[in-house]
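In what follows, a structure is listed as structure tokens, so that the remarks can point back to it.
What follows is calculated from the coordinates using simple rules that are stated; it is not laboratory data. Bear in mind the structure is a predicted one, so any value in this text is a computation, not a measurement. Here the Cβ positions follow ideal geometry from the backbone for every residue, glycine too, while neighbour counts run over all protein chains shown.
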Amino acid sequence: MTQHATDNRIDIPSLLVRLPLFQALTQEQVAHVSAHTRSKRLPKGEMLFQKGDLAHGFYVIVFGQVKLAFPSSNGNEKVVEIIGPKQSFGEAAVFAQRPYPVFAQALADTLLLHIGRDVIFELLESDTSFARHMLAGLAMRMHSLIQDVESYSLRSSAQRVIGYLLQHCPNEGCEGSIEITLPTSKQIIASRLNLTPETLSRILHDLAEAKLIEMQGKRISIGNLQRLREYDF
Amino acid sequence: MTHSTENRIDTEALLARMPLFQDLSSERIVELAEHARGKRLPKGDMLFHKGDPAHGFYVVVYGQVKLAFPSCNGNEKVVDIIGALQSFGEAVMLAQQPYPVFAQALADSLLVFVTRESVFALLESEPGFARRMLIGLALHNHSLVHDIESYTLRTSTERVICHLLHHCAADAGDRAEIALPTSKQITASRLNLTPETFSRILHDLAEAGLIETDGRRIIIHSVAQLRETIADQPTDAQHTPNRCGVRPRADKRPQQAAASKSADSHCHAGHAPTNHLLKGHRFNTSW
């Protein structure tokens, strides 16, 4: 165990029960999981793990933001995912028993929980609803990876940007207007969408010119979702 | 249901051979087989379309099925090619989402369809089953992440070489002969390349004396040399260049869990740490 475990200002059980994955657990189970969970503060810019490191458990974000990315020697790293509060990552590396295929770095000052592998395996054996939750979570992750593959291979740059903006709709067919705040810098979002920062800026600018969006720094308002969805590029 | 007793015995034997169901008792296998359906799919026939609801998952007994995204201009994108004893559709079934891809037979195929209800029943009754299922999903997840890395950061040539190396048996000698499991067009789409680019690269590799092609048969003169062509960049001491995720021969990493789903997953096993890729080759054409 590390020095993080002694950070007793952090009430792990009460953080755990707020996470969807652990909500249905009994108090006893939560206490058991807490005993195998440690908190970790990760200042902005710090690495959590490197590609190729071994996974001993998975992480949940309490607050802050972490990026998962592939490194590249020429500095063009590729951001695979941006993880925010209450979201988890690293489950697949635990279950596949493979080293991490990406590195993880804090995009903001972040507080994480690390839940040990053994206690997860114990819960899987003893609690079928937990197992179903875990399966559904991993299945949803796969589903969104597949959509990424589709997006990278078949969608134009503009389609990818519009698709990303529309993801912030509260529900599938929502209409009217919406105001969103980009969760991170435009550079990171560009990499997430496999675009250069210049291309992303140009597309956002074009969309603003076409009066489909209005931009103010990280805040973007979409006047008419229907129009943006049907925009012909 | 129309299957004969003989057909049902086949289903049981098949299901028992799947890594996912390996730990199940024979009673459980019989129950599972009772609710499973055989389905013959002639070459070229569609199994499901993108957007169809998923009520279970499929196991390929024999034949070959492609999973792909349709595209209005006809340039479909092949996501996966599923062969005998491999399964597909588990994640979609569990996520309770419509299919994100369509499935079409590349050869005359026999499939077994396992219903969601029987999977859920197993999750309730067999504690070890969830773990197996999670391992399968997690491995599949890793191979998708690997694909994304390949599409976004590898050059066309790197992707072709990695694909060839994936088809080499781990214990084969330095000279290897492989048979591409499907047509060059489908393989090209799987690698996110145009058929022309794929052919050109194979031609270049042949010109360079690294391989010899004969239809779908490809002879690799020296596996080590082929691997070196994508690994000849300077390396730092503790990180082996391993751009394909192919385990270097000298690597003494322990064997990974045998529950792997995809045929080429042995190539991802023992993923050595890689913290750099070829310099100056960010791939971004073809999108």
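Kirkwood radius, the range B:73-166, all distinct C-alpha pairs, inverse of mean reciprocal distance: 16.0 Å.
About the Cα centre of the range B:1-132, what is the dipole size in debye to 20, counting +1 per Lys and Arg Cβ and -1 per Asp and Glu Cβ, all else neutral? Numbers along the way, then the final one.
Numbers: 13 positive and 16 negative charges, 83 e Å.
Charge dipole of the range B:1-132: 400 debye, to the nearest 20.
One compactness figure for the range A:169-208 is 1.35, namely its Cα radius of gyration divided by 2.2 N^0.38 Å. Across the range A:26-149, the relative contact order, built from alpha-carbon pairs under 8 Å that are at least six residues apart, equals 34 percent.
Give me the inter-chain shielding for A:149-161: mean count of other chain Cβ atoms within 10 Å, whole number please.
Working: counts 11, 9, 2, 9, 14, 10, 3, 1, 2, 0, 0, 1, 0.
Across A:149-161, the average partner-chain Cβ count within 10 Å equals 5.
Nearest 20 debye, what's the magnitude of the dipole of chain A about its Cα centre given +1 on Lys and Arg Cβ and -1 on Asp and Glu Cβ? Write out the running numbers ahead of the final one.
Working: 24 positive and 24 negative charges, 88 e Å.
It comes to approximately 420 debye.
Each Cα pair under 8 Å and six or more residues apart adds its separation to the average, and for chain A the resulting relative contact order is 18 percent. Dividing the summed -39500 (n - 2.57) terms of all DSSP H runs of n ≥ 4 by the residue count of chain A sets its mean residue ellipticity at 222 nm at -12000 deg cm²/dmol. Taking every residue in A:72-79 and counting other chain Cβ atoms within 10 Å of its Cβ, the average works out to 6. The label-point distance for residue A:181 and residue B:179, in a model that sets each label 7 Å from Cα toward Cβ, rounds to 6.0 nm. Name the residue farthest towards the positive end of the dipole of chain A from the options A:23, A:151, A:65, assuming +1 on Cβ of Lys and Arg, -1 on Cβ of Asp and Glu, about the Cα centre. The one lying farthest along the dipole's positive direction is A:65. For the range B:26-117, the convex hull drawn through the C-alpha positions has a volume of 89 cubic angstrom per residue. Taking the Cα centre of the range B:102-214 as origin and assigning +1 to Lys and Arg Cβ atoms and -1 to Asp and Glu Cβ atoms, the resulting dipole is close to 320 debye.
Can you give the translational diffusion coefficient of chain A in µm²/s, computed by Stokes-Einstein from the Kirkwood radius over Cα pairs at 10 °C and 1.306 mPa s?
On the way: Rh = 19.5 Å.
D, rounded to a whole number, is 82 µm²/s.
Please say if the range A:5-95 is rounded, prolate or oblate, where rounded means a/c under 1.5 for a ≥ b ≥ c the square roots of the C-alpha gyration tensor eigenvalues, and otherwise the choice is prolate for a/b larger than b/c and oblate otherwise? Intermediate values should be presented prior to the final figure.
On the way: a/c = 2.21, a/b = 1.97, b/c = 1.12.
Prolate, since a/c reaches 1.5 and a/b exceeds b/c.
Geometric descriptor of the range A:119-229, per residue, is 132 Å³ (volume of the convex hull of the Cα atoms). How much net charge surrounds residue A:182 when only the other residues with a Cβ under 13 Å from the Cβ of residue A:182 are counted, with Lys and Arg +1 and Asp and Glu -1? Every neighbour counted, the sum reads +3.
Only helices at least 27 Å long along their axis, Cα-based, and averaging 0.0 or more on Kyte-Doolittle count here, so list those DSSP H runs from chain A. Before the final figure, lay out each step's value.
Details: long enough: A:128-154 (38 Å, 0.23).
The qualifying helices are A:128-154.
Over all directions, how big on average is the projection of the convex hull of the alpha-carbon atoms in the range A:76-161, in square nanometres?
Numbers: hull surface 29.8 nm².
The number I arrive at for the range A:76-161 is 7.4 nm².
Summarising the amide proton neighbourhood of residue A:49: residues at separation of 5 or more, or on other chains, whose placed amide H is nearer than 5 Å comprise A:104. Counting Cβ atoms of other protein chains within 10 Å of each residue's Cβ and taking the mean over peptide A:126-136 gives 4.
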